Amino acid sequence: MLFSPSYRSTPKQRVAITGAGIVTGLGAGWTPNADGFRTGARAFRPVTLFDVSGQRVRIAAEVDLPETLPDLNMTVREWRRMDRAARLLLMATREAWAQSGWRRDPSQSLPIVLGTTSGGMSLGEAYYRQAIRQPHRHRGQPTRVLHYQAQQQALTAAEAFGVRGPITVIANACASGANAIGHGWECIRNGHATRVLAGGFDALSQLVFAGFDSLQALSPTQCRPFDAQRDGLALGEGAAVVCLEAWEAAERRGARVLGEVIGYGAATDGHHLTQPHPDGAAAFASMTEACHRADVQAEQIGYVNAHGTGTPLNDSAEASAISRWAGPHANALAVSSTKASIGHLLGAAGAVEAVVCLMALEGQWLPPTATLRTPDPACGFEVVTKPRGARFDHALTNSFGFGGANATLILRRNP
Amino acid sequence: MSGVSVIGTGAVSPAGWGVAPLWDCVLANQPVPATPLPRPGWESPLMIRRAPQWKPRPAFLSHPRLRRASPISSYAVAAALEALGPEADPASQPPERLGIILCVMSGCVNYSRRFYDEVLEDPATASPLVFPETVFNAPASHLAALLGATGINYTLVGDPGVFPQGLALGADWLIEGRVEGCLVIGAEEGDWLTADAFRLFHRQLILGEGAGALYLKPQPEHGTPTRLSAVTDPHLFTRDQNRRQAANAMRAQLPAPKPGELLVDGRVGVERMDAAERIAWKDWRGDCVHPKTVLGEGLMAGSAWQCVIAVEALKRGRCSVATVSVVGCNEQAIGARFEGNIVAADVSPL
């Protein structure tokens, strides 16, 4: 039962990460992404997926998707029916699953928690175009309706890996991926599950690209988070999935533990639908709650993967929040935004950036924001601009979204 | 904490704005007339059961965040405020201690369609005012802004089975002390695009629009108000488990019926859609209502209406236990159960 009168709060479980999968514009899989983030590589190129000739901005961090995907419990026809978002999700899930060493066990419930902003939006767009241009032609439309929906993409992942839910799809705009991992963490921590598959995914789509362009939120030059001359964000696409597991269960089966999720905070900013409050109060609340639940202090955090979109308003509010949260320790804090490398992955961003933190913790390096030239004076902390090693045990990642959705995750290195 | 109470309910439906017209309409079992919904490129319109125009205009619509908001936001906010009752006053509780869970299936489709239409026409002139209203969590954000709520706020997406999942999540937040009160809202808005899509699968199906909301709080030490007593596992529709099997699995997980128990099922009056649920409950002997046969397929609003009706039946002494059965569109079958403080002998059946 999801809920019964016998439910009580129980002693909290530690939550290990035993698998992680990632797909971004830097490539598919841990190795190309770790190499890219460690060196501050950039993945932007002209958009080829849809017509951008009428847009102000014409670049994004597209992913090269394979035509076929082996080793999944699905047919070629099923693979072809899926849109990019579902394929990105399946690729990330496959890597995480393989790394975890989990086996198919349809008799066991395995919750799936995913974050996305737009699900299979490109199919929704195709549906609409046909519906208005050929209003009496229905060929292909039922498939588009079904596969457009985010729950269908989650169901597809469940089928592909032989798991039977429950499925939770969180659509908290650009905080969705972090919320999904945070919710998965809470499921295990509170004793509702032993394992959870959690992550985020989003593919580039014309509607969303044009939307950010209409807001003049896209950078016409270069995405430069925390730079005094920053002029906007860049979009990307991708997915990241982590296998979360009760620490004791992971230890019992001798699993390799990649790291540990130890804290999660969430807060809402009611200032404006698309703009944070200038003082970053909700970001501060989210970071503070995550630290409180993780039982760590700001000075224990060795690296902050900031939301850092590169928009003037986000970065100044976040800088204010980080500086306030870190207090006197701010000047010793290393912060960067990896959106300079792969763009803003929207519903996937929080999950991808959690995996970046995991990579950094494991490899003991700091991913740089390579495009930064002149730091915004609002930054009372160091923004990492050059690749370098570091010794640290805790990383914090922020994700903020439209609607004032704020989420923070804290990860710990497994020594 | 010993359990989770349902403190308030709220609704907007084709029957009207508020729980009272919803209750009266379902009890009368008279389908709300469907109205034409023009479909571009077609001579004959689609049909829909619209929520009626408000009368008088709700005061909350003058809030700056809601002036431009699409109907789904208005419906969600109206249902939430009704469920909160006096606690809608921001001073009534710390703003960070109210949780909000909004559940949607098709979500902000009016503005999404309108914005994409503008993009196809000329992306250079697509409205930056419309785009932000297309995100799934816009209604939940507007509600939080109106209430001054700064705590945890999720928008969950899926088929109508997600609403009972939202109730279980809200209960979990309360039990874990994450929040002191939690609003769980299901909402949808009508649009030709959604109606067109559903028509591909079920020609007789008529969609409805609106919202339903439950306000959950920890169960008090004394007194036994209406409480959430169970939410089953979600039983997914997969290759290995079809709708019928999933509905049966949901039924099997619910406790054996008690005297005076009411079933609020999700049948819509289209046999192909209803078959799994009808078969799962074929031996049901107690009272049963089917809100969606009179209100239309409200998607997430529909499963929220079911839960509102269940709670209202308990509050009005029309049952001792109320079970809600949701066999969703394409994801899952799930059940929820509510209990009140009335014994079976005192129930005045529907």
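A short reminder: the numbers here are calculations on the coordinates, not readings from a lab. Remember, predicted model here, so these are calculated numbers, not experimental data. A quick note on method: Cβ atoms are made from the backbone with ideal geometry, for glycine too, and the neighbour counts reach across all protein chains shown.
What to note about this one:
- A straight chain from A:Arg77 to A:Gln297 at 0.36 nm per residue would run longer than the Cα-Cα distance by 74.1 nm.
- Distance between the C-alpha centres of the range B:12-44 and the range A:300-324: 48 Å, rounded to the whole angstrom.
- Remark: A:Lys339, B:Lys55, B:Lys258 ranked as B:Lys55, B:Lys258, A:Lys339, counting other beta-carbon atoms within 10 Å and listing the fewest first.
- Chain A - Rg (one decimal) and Dmax (whole number), Cα, Å: 20.1, 66
- Dividing the radius of gyration of the alpha carbons in the range B:256-350 by their Kirkwood radius gives 0.96 for Rg/Rh.
- For the pair A:Glu67 and A:Asn331, label points projected 7 Å from Cα toward Cβ lie 5.9 nm apart.
- For the peptide B:167-173, the mean number of other protein chain Cβ atoms found within 10 angstrom of a residue's Cβ is 4.
- Förster radius 30 Å - calculated FRET efficiency between B:Arg239 and A:Arg133, Cβ distance, rounded to 0.05: 0.30
- Start at zero, step by 5 Å, and the Cα-Cα distances of the range B:89-212 spread as 2, 10, 17, 18, 17, 14, 10, 7, 4, 1, 0 percent across the bins.
- Computed from the C-beta positions of B:Ala275 and B:Val343, the FRET efficiency with R₀ = 22 Å rounds to 0.05.
- Cα-Cα P(r), chain B, percent of pairs per 20 Å interval: 32, 59, 9, 0
- In the range B:19-104, the GluC sites (Glu not before Pro) that fall in loop regions by DSSP, at most 16 other Cβ within 10 Å: B:Glu43
- The simple spin-label model puts a point 7 Å past each Cα toward its Cβ; for B:Glu43 and A:Lys12 those points are separated by 6.7 nm.
- Rounded FRET efficiency, nearest 0.05, which uses the C-beta distance separating A:Gln364 from B:Asp89 and R0 of 35 Å: 0.10
- Classification of the range A:1-147 by its C-alpha gyration tensor yields an oblate form. The axis ratio a/c (a ≥ b ≥ c) is 1.5 or more, and b/c is at least a/b.
- Share antiparallel - DSSP beta bridges, chain B, percent rounded to 5: 65
- Computed over every Cα-Cα pair of the range A:307-368 and binned at 5 Å starting from 0, the pair-distance distribution P(r) comes out as 4, 16, 23, 24, 23, 9, 1 percent.
- Relative contact order [Cα under 8 Å, 6+ residues apart], the range B:60-136, whole percent: 27
- Calculated P(r) of the protein assembly as shown - Cα pairs past 46 Å, %: 15
- Expressed as a whole percent, the proportion of Cα-Cα pairs in the range B:1-43 lying more than 14 Å apart is 65%.
- Each other residue within a Cβ distance under 14 Å of A:Asn172 adds +1 if Lys or Arg and -1 if Asp or Glu, for a net charge of -2.
- Taking a ≥ b ≥ c as the square roots of the eigenvalues of the Cα gyration tensor, an a/c ratio below 1.5 marks the range A:268-415 as rounded.
- Mean projection area, nm², convex hull over Cα of the range A:207-303: 9.5
- Prolate/oblate/rounded label for the range A:1-59 (Cα gyration tensor, a/c 1.5): oblate
- q = 0.17, 0.21 Å⁻¹: log10 I(q)/I(0) that the Debye formula gives for the range A:130-259, counting C-alpha atoms only: -1.04, -1.25
- Residue-averaged beta-carbon neighbours from other chains (10 angstrom radius) around A:161-168: 6
- Neighbour-limited loop hits for trypsin sites (Lys or Arg not before Pro), the range B:1-70 (at most 16 other Cβ within 10 Å; DSSP other than H, G, I, E, B): B:Arg67, B:Arg68
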